[in-house]
Each structure stands twice: as C-alpha cells, then as structure tokens.
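Have a look at this one before I ask anything.
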Amino acid sequence: MHIQLVRHATLRVAYKGRTLLVDPMLSLAGELPATVNTPNQRPNPGVELPMPAEEVLGGVDAILITHTHTDHLDEAAVKQLPKHLPIFCQPPDREKLQNHGFEQVIVVESEYVWEGIQLYRTGGRHGTGEIGEKMGPVSGFVLQAEGEPTLYLAGDTIWCEEVEHALKSHRPDVIVPFAGAAHFLVGDPITMTKEDIVQLAQAAPGSQVFVAHMEVWNHCLLSRDELREHLTNNHLSERVQVPQDGEKIEYKR
C-alpha cells in the first residue's frame, strides 16, 4: 500500500492493486471564498495542486468521500471526476452525489466488499456542541485486504469516543487523521489539534500515522512545523509522518 497526499484531504491510495481517490478537491488556488466566521479570511485553497488535475485523476479505480463539505468535494472535482466510477460514501450523501451525476453511488452503511477490499464505515465528531451539530454527519473508513496493512481514514473528526472505538475495533496498521485544528471565531476546533494527534498516536502504539488536512484551507491554522515540533517533544516524530503536498509514503504489512 502507498498513500499520496495530494493536497488537504485529497489522497491517492494504492491498495490491493486498485487506486482510490479520497475527498477530491481540485480548485485552483484562491478560486473559492474563505470559510465565513473564521480568523483568517484569505481565499481558498491557499496553495495550488502539486500536480496537474489530470495526474490526480489518472488511473483511479474508485472514489471515496468521507463527507461532502466543499473542501472535500468541490465543484471543480464534480466537473472533472469520471461519473461511471464507483463512489463510496456515508448514507446522508447518497442523494447529493446522485444529483451530481455519479452513476455508481455506493452507500457504506456499516461495511461493504469491493474488489477484495473490505470497507468499514466508522463514526466521528466534526466539532463539539452546537457547532458540531451544524457541521453535520461525518464518517471515517477502514480498509482491509489480505496481504495489505489495515488502513483507517479517520475523516473530519476531533479525538472522541468514536475514534477510540474504531482504533480498538479495527487495530489499524496505518491511521490517516485530518488535522489542521480548523476552527471558527467561537467554539472549539472541528478537526484534530496537535494534542489530538498525540492522543491518537498514544492510543494506537502499534500504528503508523499519516497526517493530512493541513496548510491549505483558511481556518486550518495548525502548521506542519508546529505539529512536528509537538511530535518531537512527545517522542513521536518517527512514527507520525507529516507529509508535504504531493508526497507519497509506502507501507507494508
């Protein structure tokens, strides 16, 4: 298995001979407005794709959407994604994806088998309190296959009971948390903070961690350098990778 961080939450995952594209967001830098009621009001995304969109889409066998917020599925991606490919999603997103013209929308209620890959859907919390409620439902996904590491894509969630349950239930070899400590002008963060990443790594001492969702969207203010420093201080820098956009890491079982 290898994982390539394209940008933000967009990943190319090579798994069991298939390539899955996760949460595609293909807009040009500055093409989208800033998220409202956030500290940093610069346009989104903050950086360009590290490769042409054609290369991002090349050889993709299926698409996986953790949820349909714009930074995980934007209009540019909807226009460019092949509509015939299988697209896996959580139940609330079925109708929206069908309305976008996707022909094979596959809802993962709890688990689903595709091309020898077992997919499990996991829970999460996209923030706390009223803000968390307004952010709507989000999901993570676990991939398992013979001869491959078990991969847990946590999705847009903070550290919470649902994440802890997923770690205990699936014992992943590799975890991809979405970090950035995204937040609004009020309330708590809605994605993982540096403290959440440490707690996640400490709760899964046998897992490698590949951190995504950083330095692209305007309200994700946790930087890679700050996270790396915090990981070093907690003796986790060798087990927790903080890749650059475009970087690819291979994992073996």
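The values are calculated or read from the model by the stated rules, or taken from the named source; none is laboratory data. Note that this is a predicted model, so its numbers are computed, not measured. Glycine gets a Cβ as well: all are built from the backbone with ideal geometry, and neighbour counts include every protein chain shown.
Which one of the conditions (1) crowded, with 21+ Cβ neighbours inside 10 Å; (2) free of Cβ contacts under 8 Å to residues at least 40 places away in the same chain; (3) over 19 Å from residue 3 (Cα atoms) does residue 164 fail to meet, given that it meets all the rest?
If we test residue 164 against (1) crowded, with 21+ Cβ neighbours inside 10 Å; (2) free of Cβ contacts under 8 Å to residues at least 40 places away in the same chain; (3) over 19 Å from residue 3 (Cα atoms), just (1) comes out false.
Mind telling me which of the residues 216, 211 ends up being within 24 Å of residue 26 (Cβ to Cβ), out of contact with any Asp or Glu (no Cβ under 9 Å at 6 or more places or on another chain) and among the β-branched types (Val, Ile, Thr)? Step through it out loud before you land on a result.
Numbers: 216 fails: out of contact with any Asp or Glu (no Cβ under 9 Å at 6 or more places or on another chain).
It is 211.
Can you tell me which residues in segment 209-253 are in contact (Cβ under 8 Å) with a residue 12 or more places away in the chain and either in a helix (DSSP H, G or I) or of a type in the set (Val, Ile, Thr) (or both)?
Across segment 209-253, the qualifying residues are 209, 211, 216, 224, 226, 227, 228, 230, 231, 240, 242, 249.
Sticking with this one: Under 9 Å between Cβ atoms, which residue pairs at least 6 apart in sequence (or on different chains) link something in segment 42-61 that is more than 17 Å from residue 79 (Cα to Cα) with a partner that is of a type in the set (Ser, Thr, Tyr) and at pLDDT below 95?
44/35
Inside segment 39-90, can you point out the residues that are surrounded by fewer than 19 Cβ atoms within 10 Å (Cβ to Cβ), part of a loop (DSSP other than H, G, I, E, B) and charged (D, E, K, R)?
Passing the criteria: 42, 48, 61, 83.
Can you tell me which residue within segment 104-149, out of those that are assigned to a loop (DSSP other than H, G, I, E, B) and touching a helix residue (DSSP H, G or I) at 6+ places or on another chain (Cβ under 6 Å), is farthest from residue 194 (Cα to Cα)?
Step by step, filter segment 104-149, then rank; the result is 137.
Which pairs do you get when a residue that is more than 16 Å from residue 67 (Cβ to Cβ), found in segment 97-113, comes within reach of a residue that is among the hydrophobic types (A, V, I, L, M, F, W, C) and in a loop (DSSP other than H, G, I, E, B), reach meaning Cβ atoms under 7 angstrom, with the pair 6+ apart or on two chains?
Within 7 Å, the pairs are 104/85.
Go through 206, 180, 187 for me and flag whichever is part of a loop (DSSP other than H, G, I, E, B), within 25 Å of residue 234 (Cα to Cα), more than 13 Å from the chain's Cα centre (by Cα) and not hydrophobic (A, V, I, L, M, F, W, C).
Values: 180 fails: more than 13 Å from the chain's Cα centre (by Cα); 187 fails: within 25 Å of residue 234 (Cα to Cα).
So the residue among 206, 180, 187 that is part of a loop (DSSP other than H, G, I, E, B), within 25 Å of residue 234 (Cα to Cα), more than 13 Å from the chain's Cα centre (by Cα) and not hydrophobic (A, V, I, L, M, F, W, C) is 206.
Name the one entry in 142, 174, 138 that is buried (at least 19 other Cβ atoms within 10 Å of the Cβ), touching a strand residue (DSSP E or B) at 6+ places or on another chain (Cβ under 7 Å) and modelled with pLDDT under 95.
Values: 142 fails: modelled with pLDDT under 95; 174 fails: modelled with pLDDT under 95.
Sole residue among the options that is buried (at least 19 other Cβ atoms within 10 Å of the Cβ), touching a strand residue (DSSP E or B) at 6+ places or on another chain (Cβ under 7 Å) and modelled with pLDDT under 95: 138.
Would you call residue 16 of a type in the set (Lys, Arg), at pLDDT 95 or above and on the phi > 0 side of the Ramachandran plot?
Criteria met by residue 16.
Tally up the residues in segment 13-35 that are within 15 Å of residue 88 (Cβ to Cβ) and not in a loop (DSSP other than H, G, I, E, B), please. First the steps, then the outcome.
Start the filter on segment 13-35 by keeping residues that are within 15 Å of residue 88 (Cβ to Cβ), which leaves 13, 15-16, 18-24.
Next, only the ones that are not in a loop (DSSP other than H, G, I, E, B) stay: 13, 15, 18-22.
Count: 7.
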